[in-house]
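As C-alpha cells, the structure follows; a few thoughts come after it.
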Amino acid sequence: MGSNISYEGEAAFPEKLPDFFIRSFCPPGGIVYDPFGGTGTTLAVAIKMRRKFICSDIRESQIELMKRRIRQARYRKGFQAI
C-alpha cells in the first residue's frame, strides 16, 4: 500500500493505482485533485511525482490521516515537513 497509514482508513488501495492515473492525466507541474482524500494515498503519490495536490474529505478523522500522510511523504521525498 505504500504506508501503514493506509490501513487506518476504510478503503485502502495500492499506490500503483493513482500512480497510473497521475502519469496518464496530470502533466508535470499539474494539480492532482482527490475529493475523497481518505488516508492520502493519492496525495502521497502526487508528492512523489512532484505534482501539486488538493485533497478533501468530509470526515475529520480522515483529514488527520491525510495530514500525517503528507508529512510522511514529504519526509521520504526530502522536503521540509509542514
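Table: residues versus (1) within 13 Å of the chain's Cα centre (by Cα); (2) at pLDDT below 90; (3) among the aliphatic types (A, V, I, L, M).
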position: ILE22; (1), (2), (3): yes, no, yes
position: PHE25; (1), (2), (3): no, no, no
position: VAL32; (1), (2), (3): yes, no, yes
position: GLY38; (1), (2), (3): yes, yes, no
position: LYS48; (1), (2), (3): yes, no, no
position: ARG68; (1), (2), (3): yes, yes, no
position: ARG74; (1), (2), (3): yes, yes, no
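Cβ-Cβ contacts under 6 Å between residues 6 or more apart (or on different chains), taken from a first residue in region 27-41 that is of a type outside the set (A, V, I, L, M) to a second residue that is assigned to a strand (DSSP E or B), are listed as TYR33/ILE54; ASP34/CYS55; GLY37/CYS55. Quick check, is SER24 farther than 17 Å from ALA12 by Cβ and assigned to a helix (DSSP H, G or I)? Yes, satisfied. Considering each residue of region 8-18 in turn, none proves to be open to solvent by less than 90 Å² (accessible area, probe 1.4 Å), modelled with pLDDT under 85, touching a Leu at 6+ places or on another chain (Cβ under 8 Å) and assigned to a helix (DSSP H, G or I).
The values are calculated or read from the model by the stated rules, or taken from the named source; none is laboratory data. Model, not experiment: these values are computed from the prediction. Backbone-built Cβ (ideal geometry, glycine too); neighbour counts: all protein chains shown. Side chains are part of the model used for accessible areas, which takes the heavy atoms of the whole protein and leaves out ligands, DNA and RNA. Shrake-Rupley method; radii C 1.70, N 1.55, O 1.52, S 1.80 Å.
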